[in-house]
Amino acid sequence: MNSFAGHSVARSQLSFDEAAAASRELTPVIEIENLSIHSVNECIVSGLSLTLSTGNPVTILGETGSGKSLLAQSIMGALPAGLTCSGHIRRFGRDDHTLDELEQLWGCRIAMLPQEPWLSLDPIMPGKQQAALVEQLVNGLSEKESANITLKRMTELGLGTDGEKVPDQLSGGMAQRLAYLCATAAGADVLIADEPTKGLDASHKSRIIELLRKQSDKGSLLTITHDIDVARALGGDLIVMRQGSCVEQGKAHDILQNPASAYGRALIAAHSPVFSAVTSNLSYDESPLVTISRASKTRGGKPLFSDLNLTIGEGEIIGLSGGSGAGKSTLADMILGLVKTDEGGVRHSPLLTRGKMLKLYQDPPSAFPQTITLSQNLDDLCRLHSLNKAEIPHWLDRLRLDKKLLERRPSQVSGGELQRFALLRALMMRPKLLVADEPVSRLDPIVASETLSLLLKHTRRIGCALILVSHDQAALNQICGRIIKLGGDKAFPGSGTVL
């Protein structure tokens with residue numbers, strides 16, 4: 001079994017108190033030995049071993065759909081129905097917890113930040129009330145004490161003025177931060193963070209990384225991420241996974257500097273993709289599909305943008321950038337006619353008939369019915385819009401999606417797989433205007449680069465205008481003919497600047 005307990009410390013060099021503290025830090029909190037996770041027909045995760053100890057973070061980096069999130073769920077004792085695990089998981093020295101005993105550990109001893117914040121938050125309860133309830137029910141604080149500490153923590157995370165909002169009134173990044181606050185409010189010994197920085201701008205991403213480091217200093221941290229920058233910043237130990245197996249395991253610094261596996265090298269090489277070959281000589285038909293005139297929008301008393309003028313031509317690629325909560329998704333919805341302007345207007349070309357104006361949502365689960373299989377969903381799509389079902393295998397292959405996934409429901413595939421199924425549906429529809437809100441946020445660097453290249457090539461081929469919403473300014477600079485920046489240093493707060 002691979003152990004990640006850290007370097008040994010000579011007791012002769014330490015005082016009694018220091019030795020005791022070092023001993024506590026070297027004590028394993030979670031030990032996993034030869035863990036495998038199975039469905040009825042296949043092995044999804046095979047032979048994984050790791051140890052979580054206080055003061056030494058462990059990060060899992062790897063292929064989309066390789067079973068990383070299932071590992072987290074197995075530690076919690078909450079695998080989805082139909083899955084079983086073998087091997088050994090020792091939590092706090094025991095491997096014989098009953099389900100009732102495991103539930104007693106949730107929140108106070110082991111906490112998990114799930115990949116999809118909207119699925120972990122109460123959709124009808126204001127954010128500050130959700131976080132305060134943890135303080136009251138788990139930490140035993142009074143209503144007043146919990147309200148005060150919750151306000152302080154929300155302010156630290158940039159949510160101080162958003163406490164009365166329910167989750168669907170928050171941006172993706174804001175919901176991610178609220179979910180983090182709720183998951184960590186009880187001060188659990190072990191935090192399992194599944195894609196904790198997904199959907200965050202650079203400043204909020206840095207803040208979450210800082211908080212994760214503090215968690216690692218005082219407790220144990222297991223982070224699942226596609227973001228190599230996060231893995232590098234957290235340090236500690238790193239596991240690289242592919243197709244359900246560990247292909248590389250060791251110190252994060254060593255692996256990221258000099259990966260031993262071919263997959264590890266490919267993963268790091270794909271971290272900063274170059275799209276110049278795809279996007280060179282961009283051209284588009286200037287006939288406007290959408291015309292926005294002097295548009296203004298306020299949300300929750302906060303001006304998002306004002307006096308914004310914009311035309312979108314056929315085949316044009318436009319980027320929307322800005323901080324978390326700056327109004328990128330709101331502007332995208334306004335372009336589609338899903339949100340009304342407070343002032344000004346939006347006009348659409350007659351070419352934008354039913355089904356020709358589409359959106360790829362930031363949170364893929366919200367765009368899929370949860371009770372039917374993906375196969376049934378695609379069948380319904382083809383029947384409703386008279387699409388050719390024979391194209392489905394082609395797009396499955398281009399998007400690296402296994403056809404066996406078709407027989408699963410949305411909750412039974414990974415976030416990255418579901419994100420690509422959403423893209424598959426959109427590509428089959430051949431839209432004239434497509435809004436892609438963080439379309440590769442749940443994908444590993446290799447698959448993300450391939451998927452984004454496919455999206456760009458296909459939209460150019462069919463003359464589809466693409467509105468790309470992203471926090472990745474470097475990628476937008478390569479890909480887009482124009483970029484609209486909301487907020488930030490290059491625009492007055494609440495205004496929109498076309499760069």
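The values are calculated or read from the model by the stated rules, or taken from the named source; none is laboratory data. The structure presented is a predicted model; accordingly, all values stated were derived computationally and were not measured. All Cβ positions, even for glycine, are placed from backbone atoms using ideal geometry, and neighbour counts span all protein chains on display.
Count, please, the residues in region 205-225 that happen to be out of contact with any Pro (no Cβ under 9 Å at 6 or more places or on another chain), of a type in the set (Lys, Arg) and over 19 Å from residue 155 (Cβ atoms).
Residues meeting the conditions: 1.
Of the residues that sit in region 357-394 and are among the basic types (Lys, Arg) and in a helix (DSSP H, G or I), which one is surrounded by the most Cβ atoms within 10 Å (Cβ to Cβ)? Spell out the reasoning first.
Our first condition is that a residue be among the basic types (Lys, Arg); within region 357-394, this holds for 359, 383, 389.
Imposing the further condition that a residue be in a helix (DSSP H, G or I) reduces the set to 383, 389.
Values: 383: 10, 389: 12.
Once the filter is applied, the top-ranked residue is 389.
Only one residue in 440, 435 is at pLDDT below 95 and surrounded by 21 or more Cβ atoms within 10 Å (Cβ to Cβ). Which one? Working first, answer last.
Details: 435 fails: at pLDDT below 95.
Sole residue among the options that is at pLDDT below 95 and surrounded by 21 or more Cβ atoms within 10 Å (Cβ to Cβ): 440.
Filter region 190-217 for residues that are in a loop (DSSP other than H, G, I, E, B) and of a type in the set (Ser, Thr, Tyr) and give the result. Spell out how you get there, then give the answer.
In the first step, residues of region 190-217 are kept if they are in a loop (DSSP other than H, G, I, E, B); the result is 195-201.
Scanning region 190-217 gives a single hit, 197.
Give region 221-243 a look and list any residue that's hydroxyl-bearing (Ser, Thr, Tyr) and modelled with pLDDT under 95, or say none.
Result: 225, single match.
What's the number of the condition residue 36 fails, among (1) at positive phi; (2) among the small types (Gly, Ala, Ser); (3) modelled with pLDDT of 90 or more; (4) surrounded by 14 or more Cβ atoms within 10 Å (Cβ to Cβ)?
(1)
Name, by its number, the condition in (1) more than 19 Å from residue 482 (Cβ to Cβ); (2) surrounded by 20 or more Cβ atoms within 10 Å (Cβ to Cβ); (3) among the basic types (Lys, Arg) that does not hold for residue 354.
Condition not satisfied by residue 354: (2).
Do any residues in region 114-131 that are touching a residue at least 12 places away in the same chain (Cβ under 8 Å) have Cβ atoms under 7 Å from those of residues that are polar (S, T, N, Q) and surrounded by fewer than 20 Cβ atoms within 10 Å (Cβ to Cβ), where the two are at least six apart or on different chains, and which pairs are they?
So the pair list comes out as 114/120; 118/366.
Which residue, of 476, 455, is modelled with pLDDT of 95 or more, outside any strand (DSSP E or B) and either more than 17 Å from residue 318 (Cβ to Cβ) or assigned by TED's automatic domain parsing to the domain that holds residue 359 (or both)?
Values: 476 fails: modelled with pLDDT of 95 or more.
Just a single option satisfies the conditions, and that option is 455.
Could you grab me the full set of residues in region 226-251 that are farther than 25 Å from residue 201 by Cβ and among the charged types (D, E, K, R)?
Within region 226-251, 237, 242, 248, 251 meet the criteria.
Just one of the numbered conditions (1) under 30 Å from residue 104 (Cα atoms); (2) in a strand (DSSP E or B); (3) not basic (Lys, Arg) is not true of residue 187; which one?
Tallying (1) under 30 Å from residue 104 (Cα atoms); (2) in a strand (DSSP E or B); (3) not basic (Lys, Arg), residue 187 fails exactly one: (2).
So, in region 399-419, how many residues would count as being crowded, with 17+ Cβ neighbours inside 10 Å and either aliphatic (A, V, I, L, M) or assigned to a helix (DSSP H, G or I) (or both)?
12
Quick one: which of 200, 222 is out of contact with any His (no Cβ under 8 Å at 6 or more places or on another chain) and crowded, with 20+ Cβ neighbours inside 10 Å? Can you show your working first?
On the way: 200 fails: out of contact with any His (no Cβ under 8 Å at 6 or more places or on another chain).
Checking each option against the conditions leaves just 222.
Within region 105-126, restricting attention to residues that are part of a loop (DSSP other than H, G, I, E, B) and at pLDDT below 90, which residue is surrounded by the fewest Cβ atoms within 10 Å (Cβ to Cβ)? Outline the logic, then answer.
Of the residues in region 105-126, the ones part of a loop (DSSP other than H, G, I, E, B) are 107-109, 114-116, 121-126.
The next check asks that each one be at pLDDT below 90; those that pass are 107-108, 114-116.
Numbers: 107: 20, 108: 14, 114: 20, 115: 24, 116: 22.
This residue is 108.
If you check residue 491 against the conditions, is it on the phi < 0 side of the Ramachandran plot, of a type outside the set (Ser, Thr, Tyr) and at pLDDT 95 or above? Step through it out loud before you land on a result.
On the way: on the phi < 0 side of the Ramachandran plot: yes; of a type outside the set (Ser, Thr, Tyr): yes; at pLDDT 95 or above: no.
In short, no.
Output yes when any residue across region 64-86 is among the basic types (Lys, Arg), surrounded by fewer than 18 Cβ atoms within 10 Å (Cβ to Cβ) and not in a loop (DSSP other than H, G, I, E, B), and no when none is. Give the steps one after another, and end with the answer.
Step one: filter region 64-86 for residues among the basic types (Lys, Arg), giving 68.
From what's left, surrounded by fewer than 18 Cβ atoms within 10 Å (Cβ to Cβ): none.
No, region 64-86 has no match at all.
Taking the residues in region 336-377 that are in contact with a Leu (Cβ under 6 Å, 6 or more places away or on another chain) and of a type in the set (Gly, Ala, Ser) as candidates, determine which candidate is modelled with the lowest pLDDT.
Here the residue is 349.
Would it be correct to say that residue 146 is closer than 23 Å to residue 321 by Cα and either touching a Pro at 6+ places or on another chain (Cβ under 6 Å) or crowded, with 17+ Cβ neighbours inside 10 Å (or both)?
Working: closer than 23 Å to residue 321 by Cα: no; either touching a Pro at 6+ places or on another chain (Cβ under 6 Å) or crowded, with 17+ Cβ neighbours inside 10 Å (or both): yes.
In short, no.
For the list (1) touching an Asp or Glu at 6+ places or on another chain (Cβ under 8 Å); (2) modelled with pLDDT under 95; (3) at negative phi, I need the number of the one condition that residue 450 fails.
Just one mismatch for residue 450, condition (1).
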